[in-house]
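The values are calculated or read from the model by the stated rules, or taken from the named source; none is laboratory data. Note that the structure is a prediction, hence the values are computed from the model and not measured. So basically every Cβ, Gly included, is an ideal-geometry build from the backbone, and we count neighbours across all protein chains shown.
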Amino acid sequence: MPLTGCSQAHNSTAPVIYLALYDFEGSYVDDLSFKKGDRLRKVDADETSDWVVCVNLTNDEVGYIPTNYMKVENNSPETQVWWFACTRERGEQRLLKEGLTDGTFLVRPTSDTNSYTLSVRWHEGDGAPCVKHYKLRMSEDGQTYIGLRKMFPTVNMLIAYYQVNDDGLVCRLTTPCPRIVKAQQGSRSVNGESWWFDAGRHDAEALLLKKEVVLGSFLIRPSAGPDSYALSVRLQHGNAESPFVKHYKIQTATNGQVYIGIRKMFSSIHALVAHHRGREDGLACRLTEPCPRMAPVVHLRNMEVDRSHIDMTVKLGSGYFGEVWKGTLNGKRDIAVKKLKPGRMTVDEFMTEARIMNQLRHIRLVQLLAVCTDCEPVLLVTEYMSNGSLLDFLRKTDRPKLEHSMMIHMCRQIAEGMAFLESHNFIHRDLRAGNILVGEHYDVKVADFGLARIVDDGVDYLSKGSRVPIKWTAPEGIVYRKFSIKSDVWSFGVLMFEVATSGKDPYAGMKPPEVLEQTVKGYRLPKPQEHWLPEQIDPYYEIMQQCWKEDPASRPSFSHLHSVFEDFKVQTETPYDDI
C-alpha cells in the first residue's frame, strides 16, 4: 500500500536511485513491496538508515524499503575493481601474495562496517613486504580524507589522487590487488556478473541446493590454484529423491582461451556460459538460470514490537534462559521467539545489551530483530533457522553422510562469526553446539551471543548448578570469573570436539567439579577417533589443542582460526566432473 503524506524533499543534489537485488514483501502497511530489478528513487537524499522512504519508479508507489536489499546506481566504492569486501587479515593475505609489487592496494570495510580502509603493500629497503592500513575518514561536510590537509568529495577521487601522488602515504598507489582469479576475461570483468560468486565449494553447494533453486541453475566461482575457475551446476537424475551439485573445472589454455573439455575452447568465461546456456554439449544438463543470491536478513524499523503482532506456533525447546518458539510476525515472516524467564533483569539493563546485540550484524550470526518489553515475559525475536541447534543436528544426522570436509565447513563458518564478534570486542561466554543454529544445507550461525551477560547476576557458577556449562568454560572463567574472547576460543575447541564426535557429551562420565580439577591439572579431551583417518584428524586435533592452551594469550584468535579453516587441506577442489 502506498505511504500517504510523503513527498520528495527539496534537495539540490542528484537523486539517489536504487536497484532492487531481491524480491521484498512488506510486513507493515507503510512498507513498500517490490520485485528484483525494480528501480526506486530515495525520497530524502540525506536520510541514512537501515530503512529509507522511496518511490518505486515502476508504479509510483511510496513506502519504506530495507537498504540492504538494494544497490545504489552510481559510481560507489563497492562497484570499483579495487573494492574487496574482506577483513583486515584476508586483505593482508591477498596483498602479501608472491609476485605483487609495492603500491598494490585495495579498499575494504573497516571492522565497524560503517567506513572504509585503504590497505597498501609496501616494503622498506631489503626488508620483508608488509601492509600499511589507512582509515578513510569523513568530515562534517561529507568530504573524505586520510590527512586533514587534503580533502576529497568522494572515495573514488581520493584513490585517483593517490594513484598519481604519494603525498604522505608510504608510496604511490599503483595497481589494484588482483583477485583470487583473473579479474578480466577478454575485455570484460567477471565481477558483477549475475552468475559470478566469490564463494567456496561448500558455500556454492549450499546455495544451489536450496529448495527454491531449479534444475540447471549454476554459478561460476574461484577454484583452488591461481587464476582458476569452477562451474557448479544443480542436477537431479530421474526419480532421485535429492538434488545434487556437479562441479566442472574451467581451465585456461596457454593462448588465454578457457575450456572444460579440451575439444571446445572459448575466448572468455562469458562465451563459455553463453554456449552452455544454449546446449548441454557434454555437461550433465543445459545451464538454465544463474543461482539466486541469498537475501540478507531484514531488520525491523523499530526494535520494540507489539506482542499482538507475534504469533507463537510451535514450541522448539527450553533451557536456562527460557523457552524457544517458532512463530510468525504479522502472519507473514517466520521468526524464532525466546521467552525469557521472569525476574532476571531490569528492562533498562536488558535494552542496553539488546541494542548492542541488534547492531552486531553478520551473515554468520543469528540476528536479533526485535524485543517485547512491555511486560513479562520479555520476548526476543530472532531470525528463524530451519534445522534447529547444531547439537541436535549432529546427533540425528547419519554420520557417514556428514563428510569431514563438511565438518570443516561448519567450523569455518562458526569461526567467521566469532571473528566478527572478536573484532567488536564482544564476548559470547556460552559458545557450544547447543548455541549454534543450522539452516538449509549446513548453513550455520552463532546464536545467543550476549545472553549470558544480560542475565549474569554475579553469582558464582558452581554454586548455581553450572549455569554456563562447566565443560565448555575456560578454567579462568570458572575460577577467577575472567572472561575474554580467548575464553571463547577455549569453548570453540570443545565445540570442535562435539562436531567431530557427532554431538557426544565432552568429558563423558565426569562431573563438573572433576572437569575443573582435571583441566587445571592439564588434562584435555582426547583425540576423536571414530570415522576419522589420521591425516584428517591430526591437524584438526592440533587446532583443538591450540584452543586449550593454559595461558589465554597463547590461544589463537578467531580471525586466525577462520583463516586456518579456509585453507584447511580437506577442502581441496577434487574431484571434478569431466565432459
Can you name the residue in segment 264-312 that is under 30 Å from the mean Cα position of the chain (by Cα) and assigned to a strand (DSSP E or B) and, of all such residues, is surrounded by the fewest Cβ atoms within 10 Å (Cβ to Cβ)?
Glu304
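Residues checked against (1) surrounded by 11 or more Cβ atoms within 10 Å (Cβ to Cβ); (2) at pLDDT below 90; (3) more than 30 Å from Asp50 (Cβ to Cβ):
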{"position": "Glu98", "(1), (2), (3)": "no, yes, yes"}
{"position": "Arg108", "(1), (2), (3)": "yes, no, no"}
{"position": "Ser111", "(1), (2), (3)": "yes, yes, no"}
{"position": "Pro129", "(1), (2), (3)": "yes, no, yes"}
{"position": "Leu136", "(1), (2), (3)": "yes, no, no"}
{"position": "Tyr145", "(1), (2), (3)": "yes, no, no"}
{"position": "Phe152", "(1), (2), (3)": "yes, no, no"}
Please go through segment 483-500 and pick out each residue that is without any contact (Cβ under 8 Å) to a residue 60 or more places away in the chain and either charged (D, E, K, R) or closer than 20 Å to Ile537 by Cβ (or both).
Gly493, Phe497
Among (1) in contact with a Cys (Cβ under 8 Å, 6 or more places away or on another chain); (2) closer than 30 Å to Asp577 by Cα, where does Arg307 come up short?
(2)
Residue match in segment 539-554 (condition: assigned to a helix (DSSP H, G or I), modelled with pLDDT of 95 or more, touching a Gly at 6+ places or on another chain (Cβ under 7 Å) and in the same structural domain as Ile414 (by TED's automatic domain parsing))
yes
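Quick check, is Leu118 in contact (Cβ under 8 Å) with a residue 40 or more places away in the chain, surrounded by 14 or more Cβ atoms within 10 Å (Cβ to Cβ) and of a type in the set (A, V, I, L, M, F, W, C)?
yes
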Starting from segment 316-337, take each residue that is closer than 10 Å to Leu379 by Cβ and outside the structural domain of Glu25 (by TED's automatic domain parsing) and list its partners that are of a type in the set (Ser, Thr, Tyr) and part of a strand (DSSP E or B), counting only C-beta distances under 6 angstrom and pairs at least six apart or across chains.
Gly327/Thr313
Qualifying position, being surrounded by 19 or more Cβ atoms within 10 Å (Cβ to Cβ), in a loop (DSSP other than H, G, I, E, B) and in contact (Cβ under 8 Å) with a residue 40 or more places away in the chain, among Met385, Met410:
Met385
